[in-house]
Amino acid sequence: MIEIKGLTKKYGSFYALNDINLTLQEGTVFGFVGANGAGKSTTFSILATLLQPTSGDAFVNGKSVRTDPSDVRKQIGYMPDFFGVYDQLKANEYLDFYGASYGISEVERKVLIPQLLELVNLSHKRYEYVDLLSRGMKQRLCLARSLIHDPKVLILDEPASGLDPRARVEMRDILKQLKGMGKTILISSHILPELAEMCDEIGVIDGGRLIAHGSVTDIQAQLAGERHITVKAKGLLENVATFFEEDPFVSSVELHTEKNSVTFNYRGTEDDQINLLKKAMDHSIKIISFSETETDLEDVFMEITKGAK
Amino acid sequence: MKQVFSNPVLVKEIKLRFRSPKSFIGILFYLIAMCIFVFGFILLTTQFSGTGYFRPEESFFMFTMLTYIQLGLILFITPGLTAGAISSEREKQTLNILLTTAQTSFQIIFGKLTSSIAFLLLLLIAGLPIYSMVFLFGGVSPGQLGIIFLYFFLTMLAIGSIGIMYSTIIRKTIVSMIATYGTMIFLSAVTGFIYLVITGMNTMVSGSLSSSPVGHFFASINPVVLVLTLVSPGSDTFITDTTKVDFPIWAGYAIFYICITALAIFISVKKLRVNMKRTK
Ligand SMILES: Nc1ncnc2c1ncn2[C@@H]1O[C@H](COP(=O)(O)OP(=O)(O)OP(=O)(O)O)[C@@H](O)[C@H]1O
Ligand SMILES: [Mg+2]
């Protein structure tokens, strides 16, 4: 659905984007994480045909942003990180204008607009002037606007920035609904945990390079490198510890006699971890609990972006 | 035709323009000023000429004055209406979204241009009843007025296109305004001055008059000269005498401004969106 090939954007000698390669299947919700100035908005602007790449190309549903920008525009709904609204225009007229801009007939617009306002919980603000709406409401209205032509792909640049916690949850619910409709969604954010919850895949960008891409758990494993595991067991803890120490993926084993537990860092994949647990059972180690201490995604993010600089 | 009126930008702009009371107040003031001028003029001439009635020559003079007032109106309002058309959207950060819609660049530019011109046309048409007072007293033919309005329309179109073009290629509205007003002043005043200098030099250097196509060109593209030749057709010969070029002013003017309009619209359409194709 989305294919980005060797995308590079230079400003003078500065690389805002450096050889980005990315392929996303239809229906994927992709979270794009990176620090300020990493290149998220630049990537999205190119996908939205607003910025000319220095080299490389991006394809939306097989259409190149370089050679068929007008076809690309029809397939995407784009929400920029910063945007304005027209004053003197009411919420329903705002949507009506953009609907007309996509060549949607007046009859269809009449049906569609109330539905969209309902989706983003703005039905009660239908006849309100858009410039008088609160920031979060404008954001939701802009999301509704990006949906007006029923695009297959949504490109949302920090849709949750500036929203209060409640509005964030609401935004997340809306996005889940859209995901349910089978849309391919690209969302950018600084906040990894926020994305992790609703995304299928995560891409981490830093300094214009895509430094990691994969499922949320993959990313955690790949980048944090290690999971922190706590095993609570009965019997001689020393034996338990020596058993785990033999595993090639295990490191820094610690004994906590007072808690009847052993902790260690684990580097293997999830499948490896399942096998490890099986092996432990086979060795008749009396495990009470085997749990992974959640690595803080925030820490992961800090770790990644520090490494790449 | 239906496509023209269903242009989303045009529809929205007109909606916005007539929603703000500013537009109505503008039209109102314009009409009041015109009325005061016309009735004041009639009153003065009938009261103080001693004859007690209004003569065709006076009616003709009033017609000329009215035409120049309207020309001035067009020259000064068109840049203001168009020079911010695109750049103000850029400043308000609504342009990006507009550019990602399915509208073609031409549709957007066309919508912006026609909505500005529609407002000006409304101004002119609102003033038409006052104009028709002149016919009541004779001295001017309706055909003449028709031609003048046609040229007004062309002038609006050309200056409007120039405004839109600057607004597209210049980021800041203020700079675009300055550029548009600058161009307008060049076309309506500086060209006349150049014409005078060229023909003046011509007589001084060669003693007798030699042919001066450049001088004629600058006279032809000057709206003030054009209006003069339109209201009093005889004045054409003066330009021909001084430049020794026998080409009708109205034709030169029409050709030049049609070309300018086409060029400005072409540049605007090309520059509105970034070129996504490989440059190097
Ligand atoms: N017009 C420009 N000229 C020069 N440099 C630019 C220009 N636009 C963007 N940049 C640079 O490109 C880099 C990437 O910017 P971008 O807006 O894509 O970052 P971002 O990941 O969206 O950041 P944020 O999280 O702050 O939104 C930044 O270093 C920025 O300074
Ligand atoms: Mg950004």
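Overview of values
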item: Lone qualifier among B:F193, B:F266 - being closer than 28 Å to B:F60 by Cα and either in contact with a Leu (Cβ under 9 Å, 6 or more places away or on another chain) or assigned to a helix (DSSP H, G or I) (or both); result: B:F193
item: Complete set of residues in the range A:74-87 that are within 7 Å of chain B (Cβ to nearest Cβ) and open to solvent by 50 Å² or more (accessible area, probe 1.4 Å); result: A:K74, A:F82
item: Residue in the range A:52-70 that is of a type in the set (A, V, I, L, M) and within 16 Å of ligand 2 (Cβ to nearest atom) present; result: no
item: Subset of the range A:34-79 (residues that are without any contact (Cβ under 8 Å) to a residue 60 or more places away in the chain and basic (K, R)); result: A:K63, A:R66, A:R73
item: Check on B:S116, hydroxyl-bearing (S, T, Y), open to solvent by 10 Å² or more (accessible area, probe 1.4 Å) and more than 30 Å from A:L47 (Cα to Cα); result: no
item: From the options B:F48, B:F41, B:F37, B:F110, residue that is out of contact with any Lys or Arg (no Cβ under 6 Å at 6 or more places or on another chain) and open to solvent by 70 Å² or more (accessible area, probe 1.4 Å); result: B:F48
item: For A:Q88: the one exception among (1) touching a residue at least 12 places away in the same chain (Cβ under 8 Å); (2) closer than 30 Å to A:G6 by Cα; (3) away from ligand 1 (no atom under 16 Å from the Cβ); (4) of a type outside the set (V, I, T); result: (2)
item: Residue check, A:D71 in contact with a helix residue (DSSP H, G or I) (Cβ under 9 Å, 6 or more places away or on another chain), among the acidic types (D, E) and either surrounded by fewer than 24 Cβ atoms within 10 Å (Cβ to Cβ) or in a strand (DSSP E or B) (or both); result: no
item: Failed item in (1) within 12 Å of ligand 2 (Cβ to nearest atom); (2) surrounded by 22 or more Cβ atoms within 10 Å (Cβ to Cβ), with A:A35 passing the rest; result: (2)
item: Only one of A:I191, A:I174 that is touching a Leu at 6+ places or on another chain (Cβ under 7 Å) and modelled with pLDDT under 90; result: A:I174
item: Tally, over the range B:90-107, of residues that are farther than 21 Å from B:L157 by Cβ, more than 8 Å from chain A (Cβ to nearest Cβ) and not hydrophobic (A, V, I, L, M, F, W, C); result: 2
item: Filtered residues of the range A:16-32 (kept if over 17 Å from the mean Cα position of the chain (by Cα) and more than 16 Å from ligand 2 (Cβ to nearest atom)); result: A:N18, A:D19
item: In the range A:38-68, the residues that are of a type in the set (G, A, S), within 9 Å of chain B (Cβ to nearest Cβ) and surrounded by 20 or more Cβ atoms within 10 Å (Cβ to Cβ); result: A:S45, A:A48
item: Scope the range A:88-105; condition open to solvent by 10 Å² or more (accessible area, probe 1.4 Å) and either more than 8 Å from chain B (Cβ to nearest Cβ) or farther than 28 Å from A:G162 by Cα (or both); matching residues; result: A:K90, A:N92, A:D96, A:A100, A:Y102, A:G103, A:I104, A:S105
item: Answer from A:R267, A:R227 - the residue that is open to solvent by less than 30 Å² (accessible area, probe 1.4 Å) and touching an Asp or Glu at 6+ places or on another chain (Cβ under 6 Å); result: A:R227
item: Check on A:L24, within 11 Å of ligand 1 (Cβ to nearest atom) and either of a type in the set (G, A, S) or away from chain B (no Cβ under 14 Å) (or both); result: no
item: Residue satisfying condition, being under 36 Å from the mean Cα position of the chain (by Cα), within 16 Å of ligand 1 (Cβ to nearest atom) and of a type in the set (V, I, T), within set A:V250, A:V216, A:V204, A:V231; result: A:V204
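Matching residues to (1) within 20 Å of the chain's Cα centre (by Cα); (2) more than 23 Å from B:F266 (Cα to Cα):
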site: B:R171; (1), (2): no, no
site: B:I174; (1), (2): no, no
site: B:M177; (1), (2): yes, no
site: B:M184; (1), (2): yes, no
site: B:M201; (1), (2): no, yes
site: B:S210; (1), (2): no, yes
site: B:V224; (1), (2): yes, yes
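The values are calculated or read from the model by the stated rules, or taken from the named source; none is laboratory data. This one's a predicted model, so the numbers in the text were calculated from it and none came from an experiment. Neighbour counts are summed over all protein chains in view; Cβ atoms, including those assigned to glycine, are modelled from backbone coordinates with ideal geometry. For the accessible areas, the whole protein counts, side chains as well, though only heavy atoms, and no ligand, DNA or RNA atoms are used. Shrake-Rupley method; radii C 1.70, N 1.55, O 1.52, S 1.80 Å.
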